[in-house]
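A.B. asks: Can you keep this structure in mind? I'll have questions shortly.
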Amino acid sequence: MRYRMKNAKDILCANLDHLRRTEPQLAERLRQSSAAPLQWDESRAGPLYASIEHDGRRLLLASRYDPLAEAQQLNSTIDRARHAGIIMLGMGLGYHIADIAKTLGDTSIMVVYEPNLPLMRAVLERVDHTAWLGEHNIIIGDDTMDRAALTSRVEKFAGIITQGTVLVTHPPSRQISGEAFTAFGEIVAEVLA
């Protein structure tokens, strides 16, 4: 998987082209939005990391040492034998999502909830996520996803979701969007009830 392309316009266009396959309205909202002012740098391991100004301080969105190892550590809480449904609260830089997507398979579903559109846009300008964007069993929602929208999107995966679902929260994203995650978690609980 490539994590960078030469220029932001190329990477954004590629990411949005893939996203349009399954999330055309979200892709259009992202195209029209402005990117959050992230500060980017290369981690010691190579992949990019970024930080954002939050509550008067810089908040790291991924490890400055090894963001991919950090993503694997976050995902180590998921028991794939028990959880065919994965709800990711927070996209961060997307490394944890890319890590799970590599082995998702057709017998699993992942819902990614990121209410911060400018943050998502900034990430999609700099990090190549074309390997998983647009996959039929990866649903991406923003702050417009309500109970009805989520229900209609996961309906065809009902058999998979009943095999067990886990919510995984990206810790830095929780600091930014904690209230939105709580509200979306309640929606998820209603939909799965």
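A.B. asks: For the list (1) closer than 18 Å to Leu38 by Cβ; (2) open to solvent by 70 Å² or more (accessible area, probe 1.4 Å), I need the number of the one condition that Asn116 fails.
C.D. replies: The failed condition is (2).
A.B. asks: Hey, another quick one. Output yes when any residue across the range 86-104 is more than 23 Å from Gly164 (Cα to Cα) and open to solvent by 60 Å² or more (accessible area, probe 1.4 Å), and no when none is.
C.D. replies: For the range 86-104, residues more than 23 Å from Gly164 (Cα to Cα) and open to solvent by 60 Å² or more (accessible area, probe 1.4 Å): absent.
A.B. asks: Another one. Among (1) open to solvent by less than 20 Å² (accessible area, probe 1.4 Å); (2) not in a strand (DSSP E or B), which single condition is Arg31 missing?
C.D. replies: Answer for Arg31: the failing condition is (1).
The values are calculated or read from the model by the stated rules, or taken from the named source; none is laboratory data. Everything numeric here is computed off the predicted structure, so don't read it as measured data. Positions of Cβ are backbone-derived with ideal geometry, glycine not excepted, and every protein chain shown enters the neighbour counts. Accessible surface is based on the protein model in full, side chains and every heavy atom, while ligands, DNA and RNA are left aside. Shrake-Rupley method; radii C 1.70, N 1.55, O 1.52, S 1.80 Å.
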